[in-house]
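In what follows, a structure is listed as structure tokens, so that the remarks can point back to it.
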Amino acid sequence: MDNTQQHAPGLLTVSPSPHIRGRDTTASIMFEVLIALTPATVWGIYVFGTRALLTVLVCMATAILTEGLLELLLHRKVTVNDGSAAVTGLLLAMCLPVTLPLWQAALGAMFAIAVVKQLFGGIGKNFMNPALAGRAFLMLAFTANMTHFTAAYDRVWLSAADCVASATPLAPLKQGLLPEATLTDLFLGKTGGCIGEVSAALLLAGGIYLLLRRVITWHIPVAYLATVTLLSLIFPRIAGAPLQSVAAELCTGGLMLGAFFMATDYVTSPVTRGGKLVFGIGCGALTVFIRYFGGYPEGVSFAILIMNSLVWYLDRAFRPRVYGKGKQGGASRG
Amino acid sequence: MALKYTFRGGSHVREYKNTSACPITHMHAPAVVSIPLSQHIGAPARPTVAVGDRVLVGQVIGEIAQGLGCPVHASVSGKVVAIESRNNSFGIPVQRIRIENDGLDEIHPEVRPFGKPLSETSPQEIVEIIRTAGISGMGGATFPTHAKLSGAIGKVDTVIINCAECEPFITANHRLMLEHPEDILGGIDALLHALGLHDVTLAVEDNKMDAVEALRRAIAARTPAAQAVRATVAVMKTKYPQGDERQIVYALTGKEIPAGKLPADVGCIIFNAETCAAVNRAFYEGMPLRRRIVTVDGDCIAHPGNVLAPIGTSYADLAAFCGGWIKTPAKIVNGGPMMGAAQWDVNDVVTKGTSAVLYLSEEFIRPTISDGEAAACIHCGRCAQHCPMHLMPLELAKYGREHALDDALRYDVMSCVECGTCTYNCPAGVEIVQYIRAAKGLLRARAAAEKAKAAQKASNGEGSHHG
């Protein structure tokens with residue numbers, strides 16, 4: 001039964017090895033991140049109302065459109081299918097208050113994609129986390145709007161006109177007081193704050209999902225959270241209640257969102273194990289420093305942005321020892 | 001769970017071991033074989049027959065005049081119809097001897113057992129038996145075995161038999177261990193005798209536990225006389241590239257081979273399982289290396305399997321023996337999918353180093369088609385996380401792409417073993433290992449040019465001296 005003639009090959013493909021590839025692609029990884037962020041986002045929409053959904057949609061749509069249009073204008077390959085712009089849009093929306101005017105949210109998404117990402121060369125080339133840089137931009141440009149929060153279950157339908165202002169749990173911490181909400185409520189997310197940052201539990205679940213799917217490694221989040229834990233245990237802000245202080249610091253202010261989803265952004269974090277650990281420790285220390293001494297109650301985003309700028313050095317400082325070189329190998333550099 | 005030997009880095013690549021239950025089948029020799037006179041590292045052989053000559057199975061048809069290399073033998077009996085030059089898969093012209101098979105399978109009279117028992121054979125005699133049998137490493141790197149052996153006598157204390165078979169698809173060694181473990185052990189006896197050693201470790205990955213059992217049974221069943229050899233089977237964690245000699249040495253001994261050195265420099269020598277079986281055949285039957293086990297697989301093949309194929313069998317004949325193609329092959333790979341070479345000619349042939357031939361369809365290879373320069377690294381670090389040499393492939397690839405050769409050299413680009421784990425794991429589809437190969441090639445060329453320049457300078461200086 002020789003059908004070699006029937007299926008005789010024409011020109012054969014000659015390309016370098018390897019001839020097979022692993023399953024993961026940039027798009028599949030971004031999709032995993034979107035899945036991991038979904039529970040916390042849905043919770044945010046549940047406690048803050050449909051306006052939160054609107055904010056999410058506006059940010060994602062603006063990010064995707066900005067990316068596509070700019071790439072067309074810059075004659076680059078249009079990469080909106082890789083899902084990274086969608087992730088940036090969603091992450092930005094998750095760290096915005098629900099009452100922020102939608103045009104300002106859109107402006108933030110545009111800034112994140114156009115200035116932080118595309119102007120530096122597109123995916124893989126930016127040195128700052130686009131979503132966090134977008135948030136920082138909004139924070140500086142529209143400080144009042146960015147620090148105006150509503151209480152949980154004080155749902156906003158569409159217009160944010162007549163909302164009652166409410167502080168995030170970080171504000172009382174700044175004065176050394178326990179937040180009004182119980183620690184359980186803080187953990188579950190029954191508190192005021194940004195759309196996607198309130199439920200530490202669901203963010204933790206999403207983070208564990210990313211760990212199990214091997215999208216991220218444990219080094220950065222563990223180093224980050226451990227540093228915050230340790231520092232707030234030694235220097236508790238609530239006098240005489242170190243454990244409650246630790247719990248409050250961990251569950252508030254987007255720390256979980258930052259540790260699992262922002263600080264682990266591939267492009268803007270180190271690749272080496274040692275680099276990742278130091279990066280996480282640095283993020284943790286700076287977060288605590290800004291929270292304790294800074295002008296803003298919240299330190300996660302600026303802490304990560306500062307550490308982003310050190311990635312290049314961290315990767316070089318913690319370069320692994322090459323097999324057969326150095327101590328054990330004993331061979332000198334050729 | 002027992003502790004398994006392993007190394008740092010690497011990754012579990014998809015196995016595709018579809019043919020592990022396919023027994024080795026003897027292929028009736030095709031009507032025509034075309035035997036390349038250069039099949040591996042070393043000098044090409046020079047033809048010792050002429051067009052029109054009748055040749056017999058096992059007869060020398062190409063011999064090495066001097067230098068490193070192996071003689072080449074006829075794999076069938078029949079008439080030499082052409083001695084021609086054709087490019088191999090790397091575009092290098094290679095002389096080939098084409099033999100029309102007469103179907104008689106008549107064996108050359110010089111093919112006979114060595115005669116003396118092993119205990120009365122000298123190490124030099126064993127080296128010579130291996131050389132005249134034309135045996136070169138059958139795991140893929142195809143270094144002439146006699147040269148490896150003679151260089152190691154008195155120098156090494158650790159003998160490792162590489163049965164890892166970490167490349168996806170390939171099951172040739174696996175079937176050999178299941179079906180003929182005594183052939184492997186017989187070859188080991190001869191090799192150890194030449195080396196004056198008594199201990200040997202057979203390294204098998206844990207995805208072949210039936211082979212581990214088969215080897216252990218065969219070792220236990222040996223006659224007391226053969227038990228001068230103490231053979232142990234080491235179970236290795238299934239992880240690519242476990243079969244790379246640097247990784248196998250580290251996994252078993254904890255030693256690293258220094259950059260640019262060989263296993264012998266840390267007292268180790270490694271032989272492939274099928275190489276041992278070939279040594280066994282050469283010693284006890286006198287039969288040179290004239291055929292080998294080839295895993296024939298890929299989504300285009302009707303009946304994938306393990307075929308004992310004569311050296312010189314074309315890819316087309318091999319496929320025909322396995323029921324032909326059910327889809328049109330878009331790519332033919334000689335070797336495994338991680339390090340094997342894509343072929344451009346369906347009439348090119350099985351050589352001593354061909355452990356597998358894969359026939360892959362358009363559809364199968366689609367995910368490997370890259371965006372080329374447009375593929376954007378997302379800095380995920382998987383290449384660095386999985387690199388068995390602990391390099392930073394993402395950076396080396398960047399240097400290769402930008403021809404930043406000094407940077408590449410400074411960060412140890414020459415240590416790359418080109419296993420392809422980085423490219424396999426790259427979600428962005430960057431051809432990482434290819435950029436690295438390019439950098440290595442340019443560096444080698446630069447070093448050669450510098451050396452030539454220095455030599456010219458030296459000879460000029462000499463000339464002026466005498467003038």
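Roughly how big is the protein assembly as shown's charge dipole about its Cα centre, with Cβ charges of +1 (Lys, Arg) and -1 (Asp, Glu), in debye to the nearest 20?
1520
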Problem - B:MET27 accessible area, assembled protein chains, probe 1.4 Å, Å² - result: 20
Handout entry: Counting all C-alpha pairs of the protein assembly as shown, share separated by more than 52 Å (%)
Key = 29
Handout entry: Using θ = phi - 60° and Karplus 6.51 cos²θ - 1.76 cosθ + 1.60, couplings along the range B:40-55 (whole Hz; Gly, Pro as x)
Key = 6, 3, x, 6, x, 6, 9, x, 10, 10, 10, 4, x, 5, 8, 10
Handout entry: Under 24 Å from the Cα of A:LYS174 - lysines, other chains or at least 8 residues apart
Key = A:LYS190
Exercise for the section: Just the number, please: percent antiparallel of the DSSP beta bridges in the protein assembly as shown, rounded to the nearest 5. Expected result: 60
Problem - Å² per residue, accessible surface of chain A at 1.4 Å - result: 43
Completion exercise
Heads up, the range B:129-288 by the C-alpha gyration tensor (a ≥ b ≥ c square roots of eigenvalues; a/c under 1.5 rounded, else a/b over b/c prolate, else oblate) looks rounded
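Can you give the average number of partner chain beta-carbon atoms within 10 Å of each beta-carbon in peptide B:71-79, as a whole number?
Counting other chains' Cβ atoms within 10 Å and averaging over B:71-79 gives 0.
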Handout entry: For the pair B and A, total buried accessible area rounded to nearest 100 Å², probe 1.4 Å
Key = 5200
Problem - Reciprocal mean inverse distance between Cα atoms of the range B:235-338 - Kirkwood radius, Å - result: 16.7
Handout entry: Beta bridge orientation in the range B:51-179: antiparallel %, DSSP, nearest 5
Key = 95
Handout entry: Dipole of the range B:216-328 [Lys/Arg +1, Asp/Glu -1 at C-beta], most positive-end residue of B:PRO288, B:ALA264, B:ALA218
Key = B:ALA218
Exercise for the section: Note down the accessible area of B:LEU409, probe 1.4 Å, to the nearest 10 Å². Expected result: 70
Problem - Residue order for B:ILE170, B:ILE219, A:ILE281 - accessible surface, 1.4 angstrom probe, largest first - result: A:ILE281, B:ILE219, B:ILE170
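Within a 10 angstrom radius of each residue's Cβ in B:317-328, how many Cβ atoms of other chains show up on average? Whole number is fine. Show your work: numbers first, answer last.
Values: counts 2, 1, 5, 5, 2, 1, 4, 7, 8, 3, 1, 5.
That works out to 4 on average.
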Fill in the blank from the handout: Spelling it out for B:ARG291: with amide H atoms placed in the peptide plane at 1.01 Å from N, the residues 5 or more places away or on another chain with amide H under 5 Å from its amide H are B:ILE311
Problem - C-alpha center-to-center spacing [the range A:216-247, the range A:1-65] in angstrom - result: 35
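Based solely on its DSSP helices, what 222 nm [θ] is calculated for the protein assembly as shown when runs of n ≥ 4 H residues each add -39,500 (n - 2.57) and the sum is averaged over all residues, nearest 500 deg cm²/dmol?
Per the formula, -12000 deg cm²/dmol.
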Fill in the blank from the handout: Charge dipole of the protein assembly as shown built from unit charges on the beta carbon (Lys, Arg +1; Asp, Glu -1), centred at mean Cα; most positive-end Cα among B:VAL111, B:GLY305, B:SER355 is B:SER355
Exercise for the section: Could you tell me, in Å, what Rg and Dmax come out for the Cα atoms of the range B:303-414? Expected result: 18.4, 51
Problem - Residue (of A:ILE220, A:THR55, A:TYR209) at the positive-pole extreme of the protein assembly as shown, dipole from beta-carbon charges - result: A:ILE220
Practice task
Please give the helix A:273-293 orientation as an angle from the longest Cα principal axis of chain A, in degrees from 0 to 90, rounded to the nearest 10.
Solution key: 20
Practice task
Counting only DSSP beta bridges with both residues in the range B:24-284, tell me the antiparallel percent, nearest 5.
Solution key: 55
Handout entry: Descending Cα extents along the principal axes, the range B:291-368, whole Å
Key = 34, 25, 19
Handout entry: Per-residue average of Cβ from other chains inside 10 Å of B:257-264
Key = 4
Exercise for the section: Search the structure for amide H atoms under 5 Å from the amide H of B:HIS73, placed 1.01 Å from N in the peptide plane, and list their residues when 5 or more places away or on another chain. Expected result: B:ILE61
Fill in the blank from the handout: Looking only at lysines whose Cα falls under 24 Å of B:LYS17's and that sit 8 or more positions away or on another chain, we get B:LYS4, B:LYS208, B:LYS237, B:LYS239, B:LYS327, B:LYS331, B:LYS352
Completion exercise
Lys and Arg at +1, Asp and Glu at -1: neighbours of B:LYS440 with Cβ under 12 Å from its Cβ sum to +1
Handout entry: For the range A:20-92, the spread of Cα positions along each principal axis, largest first, Å
Key = 43, 34, 12
Exercise for the section: Assuming a ≥ b ≥ c are the square roots of the Cα gyration tensor eigenvalues, decide whether the range B:24-284 counts as rounded (a/c under 1.5), prolate (otherwise, with a/b larger than b/c) or oblate. Expected result: prolate
Completion exercise
Share of Cα-Cα pairs in the range B:373-448 beyond 15 Å, whole percent, is 45
Completion exercise
As straight-line cross-link partners of B:LYS255, the qualifying aspartates and glutamates (C-alpha separation under 16 Å, not fewer than 8 residues apart within one chain) are B:ASP157, B:ASP244, B:GLU245, B:ASP265
Fill in the blank from the handout: Amide H proximity to B:ASN88 below 5 Å, modelled H, separation 5+ or other chain, gives B:VAL94
Problem - Value in Å of the Kirkwood radius, where chain B supplies the Cα pairs that are averaged - result: 23.4
Fill in the blank from the handout: Expressed in square angstrom to the nearest 10, the accessible area of A:LYS174 with a 1.4 Å probe stands at 70
Fill in the blank from the handout: 1/(1 + (r/R0)^6) with r = Cβ-Cβ of B:GLN456 and A:ASP154, R0 = 51 Å, i.e. FRET efficiency to nearest 0.05, evaluates to 0.05
Exercise for the section: Compute the whole-percent fraction of alpha carbon pairs in the range B:207-264 spaced more than 12 Å apart. Expected result: 73
Practice task
Treating only the Cβ atoms of Lys and Arg (+1) and Asp and Glu (-1) as charged, compute the dipole magnitude of chain B about its Cα centre; round to the nearest 20 debye.
Solution key: 600
Practice task
Determine the equivalent ellipsoid of chain A by diagonalising the alpha-carbon gyration tensor, then write out the semi-axes as square roots of 5 times the eigenvalues, largest first, rounded to whole Å.
Solution key: 38, 27, 18
Problem - Cβ-placed point charges (K, R +1; D, E -1), dipole of the range B:353-467 about Cα centre in debye, nearest 20 - result: 360
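The values are calculated or read from the model by the stated rules, or taken from the named source; none is laboratory data. Everything numeric in this text was worked out from a predicted model, so none of it was measured. Virtual Cβ from ideal backbone geometry, glycine too; neighbours counted across all protein chains shown. Side chains included, ligands, DNA and RNA excluded: accessible areas come from the protein's heavy atoms. Shrake-Rupley method; radii C 1.70, N 1.55, O 1.52, S 1.80 Å.
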